[in-house]
Amino acid sequence: MHIFEGNPNQLESCPVMKLNRSTFQELSFRTGIWFALGVGFAIPVSTSLTSAFSLGVLVCWFLSGQYRVTFKLLRTYPVATISLILFCTLAAGLLYTPQTFKLATRNLFKYRQFLMIPIYLSFFLDSRARLRGIRMFELGLILTLVISMCLWLFGIEWDIRSHDHAIFKNRITQNILMSFLVYLSAWRFLANPRKAWPWGVLSLIATVNVLLIVPGRSGYVAVGILIVVLMYQKLGYKGIIPAGVGVLVIGLVCYQASGRFQRRIDLVFSEIKNYHQTQDHASGVNLRIEFLANGLQLAGASPIFGSGTGSFAPRYRELAEQQEQMVTENPHNEYIMLLVQNGALGMGLFLLLFWFSWHSARGGTGLEPSLTQAVVGVYLIGCLANSLMLDTTEGGLFGYLIGLTCAAGISAKGISQGDLPREIVTETKADEPEAVPKAA
């Protein structure tokens, strides 16, 4: 049975932990769920709104007593456990960093998504809340897509980003976000092509937006990864080769049809080819190669525990000035960032989080576990060329989607009544499922 099988609207019957709360605590809990849903909508639209809703989730988590559920999950669910351990490891890096405490703490705060994952898990144990969370995220993406397409079609000016038709975020971030709309729409369409054909149209429009309208090579890669993941979910390992062929064909068509796409791809190959022939490393690919080489050199000095959280900036500045190279605080590679700051320990925990997240989706059916694998696939590869966890929107998106979708793994696995504190009871909630054709 492949993970693709199942109903995108299915709300499985499963035990959901619910505390015996006072009226005020119950109100706080329900408000926290609404804040969590708001985070899903706000991530593509507004950083400030995302932060405000996230703070609301945190406050309601405490006031409602939902932290007791989270603490129980930390003992029973590896995704929550590894996520918290990773954040604590980053926090411990403050003790030996050469960076000032203020700047190092600011750097640690950028990784708050690892702290939020166990909290989101506790608010999305109900399958209906998970489905609504995904729909709110889709709504924010659809709003972004509509405005972006209108700018392109009608030539409407939109502040400094109008030349690349990105809306609420920069072009790199928007294309990564939009790639998930491509995936979610395609998933819903393939689950029931006859009834869900509008999702197929939406997926096609979103693909055009990513590949031909908004220039962002990270988005190109993300769409390719998600096509492979989707075909793997539908056909198993047999789907990987057709997916690779499909990605190649789409790339060739776009290369021939779009001068912008062609220039972006040609630039990658020319920069890689000329990297060792010139000292002018001022462009995206050349700089990433330079950051990679220098980052590995820095990581070699403290390979196990790293140099401390926030240490990348001062250590890289010192090396770059010695070699008369460009100074940066961001290597555009999350693995290099973690290696330098937190060593093999930090990067190992990071990879473990990917592993346990993927593993939580194995054997599951429906949209949530499928989306878990999609998120892991994009971030596992995308972190090679971008510091996605350091970036506010991309990091927040990872924490939100992993927390939301991995909660389905808790529901599928179930938690025995004897494992729960006395005040926790089980409650079963389910909606009427629809029939869905099984994948081959």
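How large is the accessible surface of residue 61 in square angstrom, using a 1.4 angstrom probe and rounding to the nearest 10? Solvent-accessible area, nearest 10 Å²: 40 Å². Using θ = phi - 60° in the Karplus curve 6.51 cos²θ - 1.76 cosθ + 1.60, the 3J(HN,Hα) couplings for region 343-358 round to x, 5, 4, x, 5, x, 5, 4, 5, 4, 4, 4, 4, 5, 5, 4 Hz; x is entered for Gly and Pro. With θ taken as phi - 60° and the Karplus curve 6.51 cos²θ - 1.76 cosθ + 1.60 applied, the whole-hertz 3J(HN,Hα) list for region 179-184 is 4, 6, 5, 4, 5, 4 Hz, x standing for glycine and proline.
Note down the relative contact order for region 154-274 as a percent, whole number, built from C-alpha pairs under 8 angstrom at least six residues apart. Write down the numbers at each step before the final one.
Numbers: 117 pairs, mean separation 26.1, N = 121.
Relative contact order, region 154-274: 22 percent.
How do 391, 126 rank by accessible surface area computed with a 1.4 Å probe, from largest to smallest?
391, 126
Cross-linked pairs 195/234; 102/169; 195/238; 110/195: Cα-Cα separations exceed 30 Å for 110/195.
Measure off, as a whole percent, the carbon and sulfur share of the 1.4 Å-probe accessible area of region 154-274, all protein chains present.
On the way: 4210 of 5980 Å².
The value for region 154-274 is 70 percent carbon and sulfur by accessible area.
Under 5 Å from the amide H of residue 388 lie the amide H atoms of 334, each residue being 5 or more positions distant or on a separate chain, with H modelled from the backbone and absent for Pro and chain starts.
Roll a 1.4 Å probe over the protein chains and send me the accessible area per residue for region 154-274 in Å². Spell out each step's value before the answer.
On the way: 5980 Å² over 121 residues.
So region 154-274 comes to 49 Å² accessible per residue, rounded to a whole number.
Placing a label point 7 Å from the Cα of residue 305 along the Cα-to-Cβ direction, the residues of region 73-88 with a backbone N closer than 18 Å are 85-88.
Simple spin-label estimate for residue 263 and residue 293 gives 2.8 nm between the two label positions (7 Å along the Cα-to-Cβ direction from each Cα).
Sequentially through region 89-96, phi angles give Karplus couplings (6.51, -1.76, 1.60; θ = phi - 60°) of 5, 5, 5, 5, x, 5, 6, 10 Hz, Gly and Pro residues having no value and appearing as x.
The values are calculated or read from the model by the stated rules, or taken from the named source; none is laboratory data. If you're wondering where the values come from, they're calculated on a predicted model, not measured in any experiment. Every residue, glycine as well, gets a Cβ built from its backbone with ideal geometry; the counts of neighbours run over all protein chains shown. The accessibility values were calculated without ligands, DNA or RNA, using every heavy atom of the protein model including side chains. Shrake-Rupley method; radii C 1.70, N 1.55, O 1.52, S 1.80 Å.
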